[in-house]
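Asker: Shown below is the structure under consideration.
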Amino acid sequence: MSDSAFRPAPDEEEWEDLMRQLQDQAQGQPRPFFYNRVSARLSSRPLAPGRAVPLWMLRPAYAALLGVIMLALSGDVGALRPAPAANPATAPDSAQPLRSHSQ
C-alpha cells in the first residue's frame with residue numbers, strides 16, 4: 001500500500017535546488033558511431049515481402065463494413081426486401097389445374 005502520509009508542498013527554494021541539480025548533471029551522449037551502427041543495421045535488414053491482403057483488411061470490422069457498403073451500392077439489396085402482397089385480381093386462378101408437358 002502506498003504511503004499516504006500528508007507531505008507539505010515544497011517551497012520555491014526546494015524547487016530551485018532541484019532544478020539546479022538537474023542542470024548540473026552532464027548531458028547523456030550516445031556511444032561513438034551510434035548512428036552509423038543503426039543505419040547499417042537498417043540497411044542490412046531484408047525488405048519484408050508484400051502482403052497479399054492489405055493491412056486494413058486484417059481487421060474484421062473493416063472487412064464487414066466493406067461488405068455492407070458493397071451490398072448497398074450493388075443494387076442487390078432489393079432482394080432482401082419482402083415481396084409485396086399479391087393482389088387477388090392479378091393472381092393466377094388456383095382452380096385451374098396445371099398443365100403437364102407432353103413429350
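Bear in mind these aren't lab numbers, they're just calculated from the coordinates by the rules spelled out. On a predicted model such as this, the values are computed, not experimentally measured, just so you know.
Asker: Between residue 64 and residue 42, 0.36 nm times their residue separation minus their Cα-Cα distance comes to what?
Answerer: 4.3 nm is the gain from fully extending residue 64 to residue 42.
Asker: Calculate log10 I(q)/I(0) of region 13-71 for q = 0.12, 0.30 Å⁻¹, where I(q) comes from the Debye formula with a single equal point scatterer on each Cα and nothing for solvent.
Answerer: For the requested q values the scattering log ratios are -0.69, -1.12.
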